[in-house]
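Scroll down for the structure; my scribbles are underneath it.
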Amino acid sequence: MEDIPIHAETGPKLRPNGTGDERWTYIPDSQSEIGRQQPRSKQMPASHILVVEDDVELRSLLTQRLEESGYRITSVDNGRSALESVEEEVPDLVLLDVMIPEVDGLEVCRQLRASHPLMYVILLTARTEEMDRVVGLEVGADDYVTKPFSLSELVARVRSALRRIRLTSEEARKDEPVREIFEFPGIKIDAARRRVDVKGSEINLTVLEYDLLLFLVRNPDRPFTRLQLLDKVWDIQYEGYDRTVDSHIQRLRSKIEDDQGNPRFIKTVWGVGYKFQTEGNGG
């Protein structure tokens, strides 16, 4: 099995151990952040992360690395236990492997999204599981990381997601939030309340779906590339995750557009990316 190159700038990686059994080996790196506890305010409780991974070694490594970064971890090895764990205590974020026993990761994601629309879910998938990544994003995953992956990259993605969740929660608790309301034919967006109404009825959006929509609305008629959206909305600068943007755009269109095949608001700018069109839409 071909080795995956290790780069100092991306930190330690997990890669196949060469035995052909598809297990994953931790590759240390002198430039990594392993063992460096991230500072955390004494007043701020540790974010709770649920790790769902059936590979014992990988699950242990993920748990260790995330705990060293200051997070509280619950780890399980199958889909049924994951759903039961969420019933007992709702985590802030879920790291979810696709290929897990009893209830597969895609079905777990679908059920979590149905019962907890705002829960942040990151899929862990193999490079050969392109269809699983596509389907996973379509059923509601917020992001995905492909194996083998850099632990530093994964922690950065987790930290970015939890920061976004925290800011969302802080905005919701403000006594007198600044009222910022956008209205278009059939659509009303109340930024302070993080509420979107389509034809007079509130719709459910995930954290990232809402953030993506609000970013586009705040920058009307301006096209953005997928990499720009990953940077501005996902707060990551990694190439190879274009499908994440595409899937969120598709999900947004399914919720706010009358005709997904001929969208009125979220337009594709061929050769560039996407924009929110207000010209001719009352903007």
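The residues listed here are SER85, SER75, SER60; of these, the one that is out of contact with any Leu (no Cβ under 7 Å at 6 or more places or on another chain), of a type in the set (Gly, Ala, Ser), outside any loop (DSSP other than H, G, I, E, B) and surrounded by 17 or more Cβ atoms within 10 Å (Cβ to Cβ) is SER75. Scanning the range 214-230 for residues that are aliphatic (A, V, I, L, M) and either closer than 22 Å to ASP92 by Cβ or at pLDDT 95 or above (or both) yields LEU214, LEU216, VAL217, LEU230. Within the range 172-183, restricting attention to residues that are modelled with pLDDT under 90 and open to solvent by 80 Å² or more (accessible area, probe 1.4 Å), the residue that is nearest to ARG253 (Cα to Cα) is ARG179. Residues in the range 197-208 that are at pLDDT 90 or above and either aromatic (Phe, Trp, Tyr) or within 20 Å of the chain's Cα centre (by Cα) (or both): ILE203 only.
Being free of Cβ contacts under 8 Å to residues at least 60 places away in the same chain and either within 19 Å of the chain's Cα centre (by Cα) or crowded, with 17+ Cβ neighbours inside 10 Å (or both) is a property that holds for VAL233. For the range 70-121, a tally of residues being closer than 19 Å to ARG163 by Cβ, among the charged types (D, E, K, R) and in contact (Cβ under 8 Å) with a residue 60 or more places away in the chain returns 1.
Among the candidates GLU102, GLU53, the residue that is in contact with a Lys or Arg (Cβ under 6 Å, 6 or more places away or on another chain), modelled with pLDDT of 90 or more and crowded, with 21+ Cβ neighbours inside 10 Å is uniquely GLU53. When GLY186, GLY200 are checked against the criterion of being touching a helix residue (DSSP H, G or I) at 6+ places or on another chain (Cβ under 9 Å), open to solvent by 10 Å² or more (accessible area, probe 1.4 Å) and under 13 Å from ILE256 (Cα atoms), a single residue qualifies: GLY186.
The values are calculated or read from the model by the stated rules, or taken from the named source; none is laboratory data. All values reported here derive from a predicted model rather than from experimental measurement. Positions of Cβ are backbone-derived with ideal geometry, glycine not excepted, and every protein chain shown enters the neighbour counts. In case anyone asks, the SASA skips ligands and DNA or RNA and just uses the protein heavy atoms, side chains included. Shrake-Rupley method; radii C 1.70, N 1.55, O 1.52, S 1.80 Å.
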